[in-house]
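Have a look at the structure below, then the notes.
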Amino acid sequence: MSALDNRIAAQIANEVIARPQQVTAAVELLDGGATVPFIARYRKEVTGGLDDSATAPVGRAADVSA
């Protein structure tokens, strides 16, 4: 990840009250085609426990910053 990507992940993490690593993991899953409900239900071990109430805003913010 670039320094810019790290700053964006940190900003999104601050907004959804998560760690930047959680945001990065969620964005990678979303970029890979996973849906918010799928990530929230079946990939909590990858995202460090993000639920759908945090994963959905991460997806929206990542779309805006792309």
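The values are calculated or read from the model by the stated rules, or taken from the named source; none is laboratory data. Remember, it's a predicted structure, so these values are computed and weren't measured experimentally. FYI the Cβ positions are ideal-geometry reconstructions off the backbone, even for glycines, and counts take in every protein chain you see.
Quick notes on this structure:
- Candidates are the residues of region 2-26 that are exposed (fewer than 12 other Cβ atoms within 10 Å of the Cβ) and not in a helix (DSSP H, G or I); the one that is farthest from the chain's Cα centre (by Cα) is Ser2.
- For region 34-66, filtered to residues that are part of a helix (DSSP H, G or I) and polar (S, T, N, Q), the residue that is modelled with the highest pLDDT is Thr47.
- Within region 36-66, the set of residues being more than 19 Å from Ser2 (Cβ to Cβ), free of Cβ contacts under 8 Å to residues at least 24 places away in the same chain and aliphatic (A, V, I, L, M) comprises Val36, Ile39, Ala40, Val46, Ala56.
- Some residue of region 22-35 being touching a residue at least 40 places away in the same chain (Cβ under 8 Å), within 17 Å of Leu4 (Cα to Cα) and of a type outside the set (Val, Ile, Thr): no
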